[in-house]
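Just below is one structure, and these are the notes that go with it.
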Amino acid sequence: MPANRKHIEEAPSSLNVAAEEYLDYLAVERGLARNTIAAYRRDLTTYCAYLERTGIASFEDVSRRVIEDFIADRREGGYSDASVERSLAAVKGLHAFLVRDGVVAQNPTAALRLPKKAERLPEYLSVEDVSALLDQDFPDGEMGLRDRAILEVLYGCGLRVSELVGLDVGDIHTDDGFVLVRGKGSKERLTPLVGSAARALTHYIGDGRQLLTAHARGAETSAVFLNKNGGRLSRQGVHVICERYGRQVGLVGLHPHMLRHSFATHMLAGGADLRVLQEILGHADISTTQVYTHVDRTQLTEVYLAAHPLAHR
């Protein structure tokens, strides 16, 4: 075998090279989150492999029919509607990028439309459920202090789980009543930190976190929430914590995002301005925040049906 044969076989195709240039653009120019980039990379790797299997070696040779066949192939493969829609979004973005960069002359996806998603209202807890979750007995010691602070901050500040585990000690400003949050695309925002969330976090940082840092292996981390070894707590670790404490009060399947949804729903029901809520949640588009107005309307309808004497005539 020639010495350079292996290198030639493993060299990326021109399709994959172009796809990587698009992903670099999304990361550097658009500032998309790392998880979004990773998902798009999986979708585009699958897309390029599909094109190669069908004998297409250049994006110039891709037609609308080819892309429709690719989408049909994904559906027949048993992928969910959400996965298929994301794949199509990635492919549309790639072809638009190639046209803007002058790599190809035509965009075969220009007339393709993303299917409208079925509206799914977010799951959320009642105020009573949240009270039961936060008022339960937590274990004594640093782990109990940490777990209470995690649940309090998730609900009290409406953070995403990635934002929670990304917090550093320098981001916490309890005296001023806010926390500096780094959201999607590394965008920063100030989120109020008051009440029981502030008290639980202050107690944990002052007592519990200090004990956890003693278990650190290697250099001490600046992370707020630590695992038992003194390192930064993972997102998976937070999921386990939510599920465990939820199960103890009968809330089976509790996940961190449900506490964020509960925060938003309860804020809106309490009279919060939609634009203010958008800022606190870190939504780029207010249409994302408006889903909680639908939740509130659902509540109103339920109350009406239960209370109005003529509702069921």
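The values are calculated or read from the model by the stated rules, or taken from the named source; none is laboratory data. Treat the numbers as computed from the prediction; the structure is a model and nothing was measured. Methodologically, a virtual Cβ is constructed for each residue, glycine included, from the backbone with ideal geometry; neighbour enumeration extends over all protein chains shown. The area values use the complete protein model at the heavy-atom level, side chains included, leaving out ligands, DNA and RNA. Shrake-Rupley method; radii C 1.70, N 1.55, O 1.52, S 1.80 Å.
Is it the case, given these coordinates, that F70 is modelled with pLDDT of 90 or more and over 15 Å from E20 (Cβ atoms)?
So F70 fits the description; yes.
Does A33 satisfy the criteria of being within 27 Å of E188 (Cα to Cα) and surrounded by 13 or more Cβ atoms within 10 Å (Cβ to Cβ)? Lay out the reasoning, then the answer.
Numbers: within 27 Å of E188 (Cα to Cα): yes; surrounded by 13 or more Cβ atoms within 10 Å (Cβ to Cβ): yes.
Judged against the criteria, A33 is a match.
Is there a residue in the range 92-115 that is open to solvent by 40 Å² or more (accessible area, probe 1.4 Å), in contact with a Gly (Cβ under 7 Å, 6 or more places away or on another chain) and part of a helix (DSSP H, G or I)?
No; the residues of the range 92-115 include none that is open to solvent by 40 Å² or more (accessible area, probe 1.4 Å), in contact with a Gly (Cβ under 7 Å, 6 or more places away or on another chain) and part of a helix (DSSP H, G or I).
This table checks each residue for (1) under 27 Å from A284 (Cβ atoms); (2) open to solvent by 40 Å² or more (accessible area, probe 1.4 Å); (3) in a loop (DSSP other than H, G, I, E, B); (4) modelled with pLDDT of 95 or more.
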residue	(1), (2), (3), (4)
K6	no, yes, no, no
E9	no, yes, no, no
L15	no, no, no, no
Y25	yes, yes, no, no
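For the range 181-221, name all the residues that are of a type in the set (D, E) and under 21 Å from the mean Cα position of the chain (by Cα).
E188
I need the full set of residues from the range 274-294 which are open to solvent by 60 Å² or more (accessible area, probe 1.4 Å), more than 21 Å from R30 (Cα to Cα) and at pLDDT 90 or above, in order please.
R275, V276
Restricting to helices (runs of 4 or more DSSP H) lying wholly in the range 123-224: which have 1 or more residues that are open to solvent by less than 20 Å² (accessible area, probe 1.4 Å), modelled with pLDDT of 95 or more and closer than 17 Å to M267 by Cα?
It comes to 127-135, 142-157, 195-203.
Can you confirm whether the range 56-66 contains a residue that is of a type in the set (V, I, T), at pLDDT below 90 and over 22 Å from the mean Cα position of the chain (by Cα)?
Taking every residue of the range 56-66 in turn, none turns out to be of a type in the set (V, I, T), at pLDDT below 90 and over 22 Å from the mean Cα position of the chain (by Cα).
Within the range 225-264, restricting attention to residues that are of a type in the set (V, I, T) and not in a helix (DSSP H, G or I), which residue is most open to solvent (accessible area, probe 1.4 Å)?
Top of the filtered list is V252.
Collect the residues in the range 37-64 that are touching a residue at least 40 places away in the same chain (Cβ under 8 Å) and more than 21 Å from R75 (Cβ to Cβ), keeping them in residue-number order.
Across the range 37-64, the qualifying residues are A57, S58, F59, E60.
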